[in-house]
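To start, the structure itself, in structure tokens.
The values are calculated or read from the model by the stated rules, or taken from the named source; none is laboratory data. Source: prediction; values computed, not measured. Note: ideal-geometry Cβ built from the backbone for every residue, glycine included; neighbour counts use all protein chains shown. Heads up: the accessible areas ignore ligands, DNA and RNA and are worked out on the full protein's heavy atoms, side chains in. Shrake-Rupley method; radii C 1.70, N 1.55, O 1.52, S 1.80 Å.
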Amino acid sequence: MINLLKSIVNFWGLALLLVVAGTLLWFIYTVCLRKLIRARKISGARAKRLLREAAGRGAG
């Protein structure tokens with residue numbers, strides 16, 4: 001009976017650890033990575049537009 005209780009407690013501790021790790025990863029994604037990804041997309045679009053405009057001026 002004691003071993004069963006210890007197993008349940010160990011499982012509960014592992015479950016809590018996984019939930020905390022998942023929450024931390026979600027927080028890092030929403031706060032940091034989404035901003036970095038958005039900034040890269042914006043800078044990539046700006047670079048493409050500048051290249052397109054430069055190519056248009058050179059041909060005209």
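Candidates Phe11, Leu24, Ala55 compared by Cα position along the dipole of the chain: farthest toward the positive end lies Ala55, with charges placed on Cβ.
The charge dipole of the chain, taken about the Cα centre with unit charges on the Cβ atoms of Lys, Arg (+1) and Asp, Glu (-1), comes to about 560 debye, rounded to the nearest 20. Over all pairs of different C-alpha atoms in the chain, the reciprocal of the mean inverse distance, the Kirkwood hydrodynamic radius, equals 15.8 Å. Compute, for Val20, the solvent-accessible surface of its heavy atoms (probe 1.4 Å) with the complete set of protein chains present, and express it in square angstrom to the nearest 10. Here the accessible area works out near 100 Å². Label separation (Phe11 vs Arg57): 6.8 nm, computed from points 7 Å beyond Cα along the C-beta direction.
Helix 2-28 versus the longest principal axis of the chain: what is the Cα-based angle in degrees, 0 to 90, to the nearest 10? The helix 2-28 is inclined about 10 degrees to the chain.
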